[in-house]
């Protein structure tokens with residue numbers, strides 16, 4: 001039986017995407033998405049780190065900004081990092097797809113509005 005993991009989240013960006021390029025000139029955009037689940041006194045806020053690759057990364061940097069509502073579908077990955085000398089773990093979603101969720105950005109937004117279409121590109125692994 002094959003192994004498969006997929007996750008879909010809908011939430012809001014916590015900050016503007018950060019775009020960088022790998023040594024092989026592949027675009028990678030990183031940002032965090034806040035997702036609220038539950039209600040009342042059982043409401044819970046969870047932050048997800050998201051890495052988007054290729055043309056979708058360039059589009060994310062161009063059209064998304066802090067507070068943008070997005071729909072993300074990708075592969076969950078557990079990332080290990082060190083902080084204050086201790087190992088820590090973070091759940092990250094790797095994808096080549098994203099789409100707007102909810103209303104279009106406001107007219108006075110600092111970044112232009114994009115069409116309501118899914119943007120995708122091949123993941124390099």
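The values are calculated or read from the model by the stated rules, or taken from the named source; none is laboratory data. Since this is a predicted model, take the numbers as computed values, not measurements. In this analysis, Cβ positions are derived from the backbone assuming ideal geometry, glycine residues included, and neighbour counts consider all displayed protein chains.
How many residues are modelled with pLDDT of 65 or more and not in a strand (DSSP E or B) when one looks only at the range 82-125?
Final tally of qualifying residues: 5.
Could you check, for the range 71-81, whether at least one of its residues is at pLDDT below 65 and either under 19 Å from residue 26 (Cβ atoms) or in a strand (DSSP E or B) (or both)?
So far as the range 71-81 goes, no, none of its residues is at pLDDT below 65 and either under 19 Å from residue 26 (Cβ atoms) or in a strand (DSSP E or B) (or both).
Restricting the search to the range 35-62, which residues are out of contact with any strand residue (DSSP E or B) (no Cβ under 8 Å at 6 or more places or on another chain) and in a helix (DSSP H, G or I)? Lay out the reasoning, then the answer.
Of the residues in the range 35-62, the ones out of contact with any strand residue (DSSP E or B) (no Cβ under 8 Å at 6 or more places or on another chain) are 39-42, 62.
The answer is 40, 41, 42, 62.
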